[in-house]
Structure formats: structure tokens, C-alpha cells
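Everything on this sheet refers to the single structure shown next.
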Amino acid sequence: MKNDKKGRINVVYSTNPDFNYEYEQEFQEETLAPEKQNLKVVLDSKQRKGKTVTLIQGFIGTEEDLKELAKLLKNKCGTGGSVKDGEIIIQGEIKEKILTILREHHYRAK
């Protein structure tokens, strides 16, 4: 049973000890198969103090699967990176290498 007050529907508070609050259902996005993903790989250096990073955008799926893909790319490239706002940020200017890795794992990427 959820104990937080956010997401309750219609009732703010009840004195009935047996009352069950209704909660908004969290939408869990399903991860598309790699063949159905349409990823975009771009280079970016804006607001990064002149350092160039490679961004992977357009992933449709859960946060866990996105982090798993980021981990794979960081390991294969031997570099650091992170996941932020639904996109993968890989340090360095390695667009072609990332495109090759994604295509090896059957992702549609451009």
C-alpha cells in the first residue's frame, strides 16, 4: 500500500481506518526491441566548457534498459558517460564507433 499523498484521486483524507485510497496508475513504458528503436547519435559541445560529447537520443523504453545500454556503450568505448533526461551522454567525439556498436547489437541508428 502506498503511503504518500501524491497521486491520490478524489480524496484528500479519510478518518475511516479501513479506507483504501485510489492512486493514479504510473505509466510504465515498455522497451521496444532493438530493431524497432530509432536512435539518433549526435555530437554536442554546448554548455560543456568546450568539451565534446556524443549524445544518443530517441531511446524508447524503461530507465533501467536505457542505463543498461549506456553501460554497454561505455564499456565498449572505454570511456565515461551518463544517462540524463532520457538520453545517453558519452564522453568524447566517438560518433562512428558508437554507431558501429549500436548496429552490431541490431539497433537502428543514424
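The values are calculated or read from the model by the stated rules, or taken from the named source; none is laboratory data. Predicted model, so just to flag it, every value in this text is computed and none were measured. As a convention, Cβ positions derive from the backbone with ideal geometry for all residues, glycine included, and neighbour counts pool all protein chains shown. For the accessible areas, the whole protein counts, side chains as well, though only heavy atoms, and no ligand, DNA or RNA atoms are used. Shrake-Rupley method; radii C 1.70, N 1.55, O 1.52, S 1.80 Å.
Listing for the model above:
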read-out	value
Count - residues of segment 67-87 that are under 14 Å from the mean Cα position of the chain (by Cα), open to solvent by less than 100 Å² (accessible area, probe 1.4 Å) and within 18 Å of residue 103 (Cβ to Cβ)	4
Qualifying positions in segment 90-104 - touching a residue at least 24 places away in the same chain (Cβ under 8 Å) and open to solvent by 20 Å² or more (accessible area, probe 1.4 Å)	91, 92, 93, 94, 95
Pair list, Cβ under 7 Å, 6 or more apart: segment 36-64 residue in contact (Cβ under 8 Å) with a residue 24 or more places away in the chain, other residue of a type in the set (A, V, I, L, M) and open to solvent by 60 Å² or more (accessible area, probe 1.4 Å)	37/60; 52/43; 54/43; 60/32; 61/32
Complete set of residues in segment 39-57 that are open to solvent by 40 Å² or more (accessible area, probe 1.4 Å) and under 17 Å from residue 103 (Cβ atoms)	40, 57
